[in-house]
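Here the structure comes first, spelled out in structure tokens, and everything after it is commentary.
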Amino acid sequence: MDWLERIGWILGATALCILGIPWFLWGNDTIVAGLPLWIWWHIGWLVLASGLFWLFAQRAWGVGIEPETAKRNGTNVPPGGER
């Protein structure tokens, strides 16, 4: 994984943290389909976070914690580790 992709994952995680709480909807009494708008934001945000986490688990699990030997031999498996 190159450094640009790592920065992308860091920015994605930061955005999830910052926008996870809809500060801009505080005090908003708008009702959509019988529920407050902030609940719809929360539901949508959970779906987005789940999708992003699934993608992260498939593509980048272990970013920044791979042993140096695994990086050198190109296997992403530490010596003696299982695949």
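Give the residues of the stretch 15-43 that are among the hydrophobic types (A, V, I, L, M, F, W, C) and part of a loop (DSSP other than H, G, I, E, B), sorted by residue number. Quick ask: steps written out before the conclusion?
Of the residues in the stretch 15-43, the ones among the hydrophobic types (A, V, I, L, M, F, W, C) are 15-19, 21, 23-26, 31-33, 35, 37-41, 43.
Result: ILE21, TRP26, ALA33.
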Return yes when LEU11 is modelled with pLDDT under 90 and out of contact with any strand residue (DSSP E or B) (no Cβ under 7 Å at 6 or more places or on another chain) and no when it is not. no
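Return a yes/no flag: does the stretch 41-52 have any residue that is touching a Phe, Trp or Tyr at 6+ places or on another chain (Cβ under 8 Å) and at pLDDT 85 or above. If you could, list the steps in order and put the result at the bottom.
To start, the set of residues in the stretch 41-52 that are touching a Phe, Trp or Tyr at 6+ places or on another chain (Cβ under 8 Å) comprises none.
No, the conditions are met nowhere in the stretch 41-52.
Counting only residues that are among the aliphatic types (A, V, I, L, M) and in contact (Cβ under 8 Å) with a residue 12 or more places away in the chain, which one in the stretch 24-47 is most open to solvent (accessible area, probe 1.4 Å)? Working first, answer last.
Narrowing the stretch 24-47 to residues among the aliphatic types (A, V, I, L, M): 25, 31-33, 35, 37, 39, 43, 46-47.
If we keep only those that are in contact (Cβ under 8 Å) with a residue 12 or more places away in the chain as well, we get 25, 37.
Numbers: LEU25: 20, LEU37: 55 Å².
The extreme case among them is LEU37.
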Would you be able to say whether some residue in the stretch 5-16 is of a type in the set (Asp, Glu) and surrounded by 11 or more Cβ atoms within 10 Å (Cβ to Cβ)? yes
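The values are calculated or read from the model by the stated rules, or taken from the named source; none is laboratory data. Quick caveat, the model's predicted, so the values are computed rather than measured. No Cβ is skipped: glycine too gets one built from the backbone with ideal geometry, and neighbour counts run over all protein chains shown. Keep in mind that these areas ignore ligands, DNA and RNA; they rest on the heavy atoms of the full protein, side chains included. Shrake-Rupley method; radii C 1.70, N 1.55, O 1.52, S 1.80 Å.
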